[in-house]
Amino acid sequence: MAIVYLSLGGNMGDRAANLAQAIEQIEAGGVSITRLSSVYETEPVGLPDQPWFLNLVCAGETSLAPIDLLDMLQAIETEMGRVRTVRWGPRPIDVDILLYGDLILDSRRLTIPHRLMADRAFVLVPLVEIAADAVHPGLKATARELLSRIEPASGVEYWGGLTQRSLRSQR
C-alpha cells in the first residue's frame, strides 16, 4: 500500500457538498482516507476573475498504481461535472495527486510530486496541517519547509465548517 496525498478543490455549485461527494467517491474507488485537513477558502490562481475555491488535502493509502489512481480521480471529476475548457477556470471539483509515497514520476500524463505544489499556499497550508513532515522527494524538503519558502498565505483563509467528522456526516 502506498501513502498518497491528494489536494481537492472546487468553486462551482455547493462547494462543501462537492468536497464531501468527491471524498466518498475516492474512498469507493480504492483509496482508504486516513486524514483530512480543515477546509480553506482560497483565492483563485491563474484566472482571478472567478469565485473563490474551497480546498482541502487528504492523506490515504492505496494499492492502485499511480496511473490507475489518476484515471480514477479524473473519472470522478468528469462524473461530477468538470469540463476542461479554460485552464485554471471554474470547476465543481479538481483532484490532484500531490505525493505518492516517495515516488518521482514525470510522464506525459502524470507528474509526481505535483509540479506546482511547492509554490501553492492553498496546497501547502492544508498539507502542513495534516502532514507537516511529509517530504517532497525531489526537493528533499518537508511540507513545513516548503511553506516557509513561499509568500505568506494571503488568499488562503480557514473556512472551517468541514472537519473530518462533519465532512463524513454530510454523506
Using the Karplus curve 6.51 cos²θ - 1.76 cosθ + 1.60 with θ = phi - 60°, what ³J(HN,Hα) values do you get for each residue of segment 133-145, in whole Hz, with x for Gly and Pro? 9, 5, 9, 6, x, x, 8, 6, 9, 6, 4, 4, 5
What FRET efficiency comes out for the pair Arg144/Ser32, r = Cβ-Cβ distance, R0 = 22 Å, nearest 0.05? 0.35
Under a point-charge model restricted to the Cβ atoms of Lys and Arg (+1) and Asp and Glu (-1), what is the dipole moment magnitude of the chain relative to its Cα centre, in debye to the nearest 20? 80 debye
So for the chain, what are the equivalent ellipsoid semi-axes in whole Å, largest first, each being the square root of 5 times an eigenvalue of the Cα gyration tensor? 21, 19, 17
For a quick check: with amide H placed at 1.01 Å from N, whose amide H comes under 5 Å from Val39's, ignoring anything fewer than 5 positions away on the same chain? Trp159, Gly160, Leu162
Vicinal HN-Hα couplings computed from phi for segment 105-112 (Karplus, 6.51 cos²θ - 1.76 cosθ + 1.60; Hz; Gly/Pro x): 9, 9, 10, 4, 9, 8, 10, 10
Under Karplus coefficients 6.51, -1.76 and 1.60, residue-wise ³J(HN,Hα) of segment 48-62 in Hz, glycine/proline x: x, 8, 7, x, 5, 9, 9, 10, 8, 10, 10, 10, x, 10, 8
For the chain, what does the relative contact order come out to in percent, with C-alpha contacts under 8 Å and a separation of six or more? 31 percent
Size of the dipole of segment 1-84 about the Cα centre, Lys and Arg at +1 and Asp and Glu at -1 on the beta carbon, nothing else charged, in debye to 20? 80 debye
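Laboratory data are not the source of any read-out in this text; all were calculated from the coordinates shown. Source: prediction; values computed, not measured. Every residue, glycine among them, receives a Cβ derived from its backbone with ideal geometry; neighbour counts consider all protein chains shown.
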